[in-house]
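Each reported figure results from applying straightforward, stated rules to the coordinates on display, with no laboratory input. Quick caveat: nothing in here was measured; it's all calculated off a predicted structure. Because the Cβ atoms are built from the backbone with ideal geometry, glycine has one as well, and the counts that use them run over all protein chains shown.
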Amino acid sequence: MASIKQLKKDINNDIGTIIEEIYLWELSNPDADLSKSEKLIEEAIQVFDELVQKINAVATKENLKKQFKAINEEKNMMIQSLMKKSAAL
């Protein structure tokens, strides 16, 4: 992992991409039930907030690499979950 700043950028870009895909799906399916997609957007925003809070909560200088590696792995799992849900729309 390069830096904390890069991790935050990666989270922002990944979540932003998922939300953008959901909005594109909504535009291409105007007759579909949009409540599921709106719920998924809210979930993506909540995931973003949780991950950034975890990054900001790292206060101790002990095991920084280990802590941020765990956050990065959690990010990857959450992003994959969101992508599966958006593909199921």
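Helical content of the chain, expressed as a calculated mean residue ellipticity at 222 nm, amounts to -28500 deg cm²/dmol (DSSP H runs of 4 or more residues, -39,500 (n - 2.57) each, divided by residue number, nearest 500). Taking the chain as the region of interest, the number of lysine pairs whose Cα atoms are within less than 18 Å, with members eight or more places apart or on different chains, is 28. All alpha carbon pair distances within segment 4-87 were sorted into 10 Å bins beginning at 0; the resulting P(r) in whole percents reads 17, 46, 24, 11, 3, 0. Taken one residue at a time, the phi angles of segment 16-26 give Karplus couplings (6.51, -1.76, 1.60, θ = phi - 60°) of x, 5, 5, 5, 4, 4, 5, 4, 5, 4, 4 Hz. Gly and Pro are set to x. By the count of other C-beta atoms within 10 Å, a proxy for reagent exposure, GLU74, GLU62, GLU21 are ordered fewest to most as GLU62, GLU74, GLU21. Measure nothing but the geometry: give the 0 to 90° angle between the long axis through the Cα atoms of 64-87 and the longest principal axis through the Cα atoms of the chain, rounded to 10°. Here the helix axis deviates by roughly 10 degrees. Restricting the chymotrypsin sites (Phe, Trp or Tyr not before Pro) of segment 19-86 to loop positions (DSSP other than H, G, I, E, B) with no more than 15 neighbouring Cβ atoms within 10 Å leaves nothing. Taking Lys and Arg as +1 and Asp and Glu as -1, the other residues whose beta-carbon sits under 13 Å from that of ASN72 total +3.
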